[in-house]
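Undergrad: Please find one structure pasted underneath; my questions will follow.
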Amino acid sequence: MTSTPGQVLAAPHFIRGTLVEGNAVQHRSRDLGADFSTPPIDLDAIVTPRSELPPLLGVKVAEIIDFLVEVGERLHLDRNPYLQECLEHIAATNPLPRRVVENLYREAPYYLNRQLLESMVESNFDRPEALDGWVEKVDAFGSKLAVRAFPPRIVHMLAGNAPAGCIASIAQGAIVKAVNLFKMPSSDPFTTVAVLRTMADIDPNHPVVQSMTAVYWQGGDEAIERTLYRPQYFDKIVAWGGGPAINNVIRYLGPGIQLVSFDPKSSISMIGREAFESESTMDEVAERLALDTTVFNQEACLASRFVFAEGERAQIETFCAKLAERLAVDRDYASAKALPLPAEVREEVEIMSAMGELKTWGRGDGSGLVILSDTPVNFHPSNKTSNVVTVGSLQDAVRYVNVATQTIGVYPYERKVALRDQLAAAGAQRLCRLGTANAHALGSPHDAMYPLQRLVHWMADDDISLNLT
């Protein structure tokens, strides 16, 4: 069903195998101001008492992966009616263009690919068998120990900037055998339920399905959050989102409930003087940088925002002009024109440009803007804006890296090795070849951690023989 202007979209909930429909509660999406409705939340229904063992406790990880792979086979957009309906709805609530969302949905089966799922287990756990039962060992003093990665109870605060990203959270929750409550974002209150409905079509009573609940409430609703965010109900809150969302969750933290935060990050690029050796090399590097900058129209944390370039000023200016042209290109995960820069940012750029503090190429209308400066601008480049900063050497750029720096694309890639220890010490979390920010090697950590290790409830059974005589 295609949404029409003025229509209030229906966003159903999903509670442990059951679709819950209703329009009792009216909401408005944060980004585009679209109206949508949900059923009321029954707090008793979405909380699993600790007296009940987790549904997935006795299910082998291999069986869980088999089920997820089967779900993935049913997530092909051309034959999944739930995703097809979502695609029409999400165009009203999400700032990404419909074509980009469609491309993301077409990647949905990849998130439940067997090789990917198995690599998650292998890279996160030294002893994966601890997910399926108690693993015994004897320490250096002869004391016995049994350890289990016990299923946790998790609230997942999902991100809204990447529709279909919820599938990765669903897979993580299933692999660690968690009791999962997914809080959907206002910019996408549809996709998570669509995926869970696909699961329920296979078997509504499957333990994976019985461990999944997805609902929407407005972030900051104390009547709901003060009740849910308690250690008697949940062990972990996994939060994806901006600063205000993370800060809101922090208010509820205390003994017994932990925050696993994928908090806001910013990514950069580092370009050596080798990029300016020829016209063709400059063209290639400009294209690679544009690829990294425009991921999800620069909504993704891994999208480059600041570029540190070593070289002669005239060379860098020529490069900036080429980059501005490439930012305006239509791509699989970016549109030729995004939303325009906020008015206050455009005004600041115009004033600084008039004062000679920076030079610009392109426009702030969402088609792509390149800002050249001697130091980074003091605002967050967005809406396909790239701040190119001149440096004497790439070594000089390290001082601009901190714990909020997620991905760093480097050209030429051979220079990564000489930089990576210092970048890690400064707080950076990931290096890649320029142009591959949106590609990931299987088994790679995320935000400087292996998250599944942090999601499980590690339970120890010490068996120490103590001689009291």
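The values are calculated or read from the model by the stated rules, or taken from the named source; none is laboratory data. Everything numeric here is computed off the predicted structure, so don't read it as measured data. Glycine gets a Cβ as well: all are built from the backbone with ideal geometry, and neighbour counts include every protein chain shown. Just so you know, the surface numbers come from the protein's heavy atoms only, side chains and all, with ligands and any DNA or RNA stripped out. Shrake-Rupley method; radii C 1.70, N 1.55, O 1.52, S 1.80 Å.
Undergrad: For the structure I just gave you, tell me whether Phe190 is under 16 Å from Gly160 (Cβ atoms) and modelled with pLDDT of 95 or more.
TA: The answer is yes for Phe190.
Undergrad: Out of segment 414-438, which residues are open to solvent by 40 Å² or more (accessible area, probe 1.4 Å) and either touching a Phe, Trp or Tyr at 6+ places or on another chain (Cβ under 8 Å) or small (Gly, Ala, Ser) (or both)?
TA: Listed by number, the residues that qualify are Ala418, Ala424, Ala425, Arg433, Asn438.
Undergrad: State all residues of segment 12-28 that are assigned to a loop (DSSP other than H, G, I, E, B) and open to solvent by less than 40 Å² (accessible area, probe 1.4 Å); if no residue qualifies, say none.
TA: Matches in segment 12-28: Pro12, Gly17, Gly22.
Undergrad: Okay, next question. What pairs come out if I take residues in segment 107-130 that are within 10 Å of Gly443 (Cβ to Cβ) and assigned by the TED database to the domain that holds Cys166 and pair them with residues that are part of a loop (DSSP other than H, G, I, E, B) and open to solvent by less than 70 Å² (accessible area, probe 1.4 Å) whose C-beta lies under 6 Å away, six or more apart or interchain?
TA: If the second residue must be part of a loop (DSSP other than H, G, I, E, B) and open to solvent by less than 70 Å² (accessible area, probe 1.4 Å), the pairs left are Ser119/Gly443; Ser123/Gly443.
Undergrad: Also, I was wondering about something else. If I ask for residues that are closer than 15 Å to Pro54 by Cβ and open to solvent by less than 50 Å² (accessible area, probe 1.4 Å), which ones from segment 133-154 would you list?
TA: If the condition is that a residue be closer than 15 Å to Pro54 by Cβ and open to solvent by less than 50 Å² (accessible area, probe 1.4 Å), then Gly133, Arg148, Ala149, Pro151, Pro152, Arg153, Ile154 are the ones that fit.
Undergrad: For segment 29-60, name all the residues that are within 26 Å of the chain's Cα centre (by Cα), in a loop (DSSP other than H, G, I, E, B) and under 22 Å from Gly160 (Cβ atoms).
TA: Ser29, Arg30, Asp31, Leu32, Gly33, Ala34, Ile41
Undergrad: Can you report the number of residues in segment 203-235 which are at pLDDT 95 or above, farther than 12 Å from Leu43 by Cβ and either not assigned by the TED database to the domain that holds Ile154 or not in a loop (DSSP other than H, G, I, E, B) (or both)?
TA: 6
Undergrad: Moving to a separate point now. Right, Val260: more than 26 Å from Arg433 (Cβ to Cβ), of a type in the set (Val, Ile, Thr) and buried (at least 16 other Cβ atoms within 10 Å of the Cβ) or not?
TA: Yes.
Undergrad: Are there any pairs with C-beta distances below 7 angstrom linking a residue in segment 312-323 that is without any contact (Cβ under 8 Å) to a residue 24 or more places away in the chain to a residue that is surrounded by 14 or more Cβ atoms within 10 Å (Cβ to Cβ) and acidic (Asp, Glu), with the two at least 6 apart or on different chains, and if so which?
TA: Listed by first residue and then by second, the contacts come to nothing, as the list is empty.
Undergrad: Is one or more of the residues making up segment 91-101 of a type in the set (Lys, Arg), within 20 Å of Asp221 (Cα to Cα) and not in a loop (DSSP other than H, G, I, E, B)?
TA: Checking segment 91-101: not a single residue is of a type in the set (Lys, Arg), within 20 Å of Asp221 (Cα to Cα) and not in a loop (DSSP other than H, G, I, E, B).
Undergrad: Residue by residue through segment 301-329, note down the ones that are open to solvent by less than 10 Å² (accessible area, probe 1.4 Å), under 12 Å from Gly272 (Cα atoms) and among the small types (Gly, Ala, Ser).
TA: Ala309
Undergrad: How about segment 186-196: which of its residues are under 20 Å from Val25 (Cβ atoms) and in a helix (DSSP H, G or I)?
TA: Result: Thr191, Thr192, Val193, Ala194, Leu196.
Undergrad: Against the definition (in contact (Cβ under 8 Å) with a residue 40 or more places away in the chain, under 20 Å from Ala334 (Cβ atoms) and of a type in the set (Phe, Trp, Tyr)), how does Tyr411 come out, yes or no?
TA: The answer is yes for Tyr411.
Undergrad: Would you pick out the residues in segment 439-469 that are open to solvent by 70 Å² or more (accessible area, probe 1.4 Å), more than 30 Å from Glu287 (Cα to Cα) and within 19 Å of the chain's Cα centre (by Cα)?
TA: Answer for segment 439-469, where residues must be open to solvent by 70 Å² or more (accessible area, probe 1.4 Å), more than 30 Å from Glu287 (Cα to Cα) and within 19 Å of the chain's Cα centre (by Cα): Tyr450, Gln453, Arg454.
Undergrad: If you take the residues in segment 365-381 that are within 19 Å of Glu317 (Cβ to Cβ) and either at pLDDT below 95 or polar (S, T, N, Q) (or both), which one is least open to solvent (accessible area, probe 1.4 Å)?
TA: Ser373
Undergrad: Let me ask something else. So which residues in segment 188-204 are surrounded by fewer than 24 Cβ atoms within 10 Å (Cβ to Cβ) and of a type in the set (Ser, Thr, Tyr), if there are any at all?
TA: Selection gives Thr198 alone.
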